């Protein structure tokens, strides 16, 4: 840069010299004064001086530029420094973009994403029924309590809400019961207690359908519908509960049996001549309270009488309940052959099977139709051991204030003895079926089933007579 400046100055001076030579003759020709010549020389010298000064300035600028370049040549900027410099230059644009993003994202987060997460958590809940109870109060009301659980991955608070119970296969959504669920805090695996509450039956036919499932099956389904409010701190969501859960059923009260049976002579003031205890198992998880239940007793197609169980409170497991009733002894004696025929299979097991069908369910003097409809269509079959039956029946006879068995039975069947009437009726039934065969009293090899029956009867007689003689 400095060499170029000097060359320019030299060229300028050389160009000024011929101009000076030309000026001189012109000045002599026209008689120009010496002052003009001196002025021209001064101009040329000034031009040369300016050129020298420009060259010096150029050299000074070149030195300054070299100094600046030396300063700029430092270590390179780090990535963070470059980012900071970039953000410092464009911070306003980034602020505007952030505001726009939050304006779009936050409503989506609060209105869509969080509710979807909460709904997914609700859908994943099993809601197992771990306990509770159902008590019949009147024809239109029941008391119910349920125990279940929720597993929440994050702490939450549940507000009060209403939960409807319905059958999922119903043609229309018709809850038969509506429960009030109290608010509570949920954190992890949390028990949800629905306390005892009196509720009105919304749809009796659907309630009966649900009871049919509980009574018949090993697993009964019930569908739940509700819309709770769940609070996550200051945020809240309203998921939908639409779920079908299962709970253990009663399996038609499998295992029901008469554990004690006594015939009373004379009958009591109410006309009852029968009392005893019955075991009713509850294989479900709900405590059941049905009040007083009256059953008709059958053996095959022969009606033998009726019994009434009182305060039928069925806790989970086996339940022993008292009953009393009326045994129609004349009808039993009259149809004894048919009764024996209906008991052949049971006698082979050493038992007597009785069919009982509910005809009346009473709570506080009011009939409960929805339980009558369930039990009335489903005969139960309690069993009793033959030995227990004979022993208990004879104990009832012998405990009748010194009255002999013959006299006690004579009041029932007339002048003939009980055993003679039993034999006559049994032989009459057998002769109608097989007239060619000899009667029971004829001399022949006894039928093994007949021999078993009479041996059991003799054994029971000996046991009770021995007890009476002690």
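The values are calculated or read from the model by the stated rules, or taken from the named source; none is laboratory data. Remember, it's a predicted structure, so these values are computed and weren't measured experimentally. When we count neighbours, we look across all protein chains shown, and the Cβ atoms used for this are built from the backbone with ideal geometry, even at glycine.
Being out of contact with any helix residue (DSSP H, G or I) (no Cβ under 7 Å at 6 or more places or on another chain), over 23 Å from residue 211 (Cβ atoms) and in the same structural domain as residue 280 (by TED's automatic domain parsing) narrows it down to one of 354, 332, so name that one. Break it down stepwise before answering.
Details: 332 fails: out of contact with any helix residue (DSSP H, G or I) (no Cβ under 7 Å at 6 or more places or on another chain).
Being out of contact with any helix residue (DSSP H, G or I) (no Cβ under 7 Å at 6 or more places or on another chain), over 23 Å from residue 211 (Cβ atoms) and in the same structural domain as residue 280 (by TED's automatic domain parsing) holds for just one of 354, 332, which is 354.
Specify which of the listed residues (113, 137) is more than 17 Å from residue 243 (Cβ to Cβ), out of contact with any strand residue (DSSP E or B) (no Cβ under 6 Å at 6 or more places or on another chain) and either surrounded by fewer than 17 Cβ atoms within 10 Å (Cβ to Cβ) or in contact (Cβ under 8 Å) with a residue 12 or more places away in the chain (or both).
Details: 137 fails: out of contact with any strand residue (DSSP E or B) (no Cβ under 6 Å at 6 or more places or on another chain).
Being more than 17 Å from residue 243 (Cβ to Cβ), out of contact with any strand residue (DSSP E or B) (no Cβ under 6 Å at 6 or more places or on another chain) and either surrounded by fewer than 17 Cβ atoms within 10 Å (Cβ to Cβ) or in contact (Cβ under 8 Å) with a residue 12 or more places away in the chain (or both) holds for just one of 113, 137, which is 113.
Kindly evaluate residue 241 against the criterion of being in contact with a helix residue (DSSP H, G or I) (Cβ under 9 Å, 6 or more places away or on another chain), closer than 26 Å to residue 387 by Cα and in contact (Cβ under 8 Å) with a residue 12 or more places away in the chain. It would help to see each step written out before you state the result.
On the way: in contact with a helix residue (DSSP H, G or I) (Cβ under 9 Å, 6 or more places away or on another chain): yes; closer than 26 Å to residue 387 by Cα: no; in contact (Cβ under 8 Å) with a residue 12 or more places away in the chain: yes.
Spelling it out, it is not the case that residue 241 is in contact with a helix residue (DSSP H, G or I) (Cβ under 9 Å, 6 or more places away or on another chain), closer than 26 Å to residue 387 by Cα and in contact (Cβ under 8 Å) with a residue 12 or more places away in the chain.
Hey, among 260, 189, 203, which residue is in contact (Cβ under 8 Å) with a residue 12 or more places away in the chain and touching a helix residue (DSSP H, G or I) at 6+ places or on another chain (Cβ under 7 Å)? Break it down into steps so the answer makes sense when it comes.
Details: 189 fails: touching a helix residue (DSSP H, G or I) at 6+ places or on another chain (Cβ under 7 Å); 203 fails: touching a helix residue (DSSP H, G or I) at 6+ places or on another chain (Cβ under 7 Å).
After ruling out the rest, the residue left standing is 260.
So, in region 96-105, of the ones that are surrounded by 11 or more Cβ atoms within 10 Å (Cβ to Cβ) and under 28 Å from residue 230 (Cβ atoms), which residue ends up nearest to the chain's Cα centre (by Cα)?
Of all residues in region 96-105, those surrounded by 11 or more Cβ atoms within 10 Å (Cβ to Cβ) come to 97, 102, 105.
Checking which are under 28 Å from residue 230 (Cβ atoms) leaves us with 102, 105.
Details: 102: 38, 105: 34 Å.
Among those that are surrounded by 11 or more Cβ atoms within 10 Å (Cβ to Cβ) and under 28 Å from residue 230 (Cβ atoms), it is 105.
Quick check on region 264-273. Is at least one of its residues at pLDDT below 95 and not in a loop (DSSP other than H, G, I, E, B)? I'd like the intermediate steps shown before the answer.
From region 264-273, those at pLDDT below 95 are 264-273; that's our starting set.
The next check asks that each one be not in a loop (DSSP other than H, G, I, E, B); those that pass are none.
No, that holds for no residue.
So residue 255 fits all but one of (1) part of a strand (DSSP E or B); (2) surrounded by fewer than 18 Cβ atoms within 10 Å (Cβ to Cβ); (3) at positive phi; what number is the exception?
It is condition (1) that residue 255 fails.
Considering every residue within region 77-87, establish whether at least one is over 30 Å from residue 364 (Cβ atoms), touching a residue at least 40 places away in the same chain (Cβ under 8 Å) and assigned to a helix (DSSP H, G or I). Give the steps one after another, and end with the answer.
Within region 77-87, the subset over 30 Å from residue 364 (Cβ atoms) is 77-87.
Checking the rest, the ones that are also touching a residue at least 40 places away in the same chain (Cβ under 8 Å) come to none.
No, that holds for no residue.
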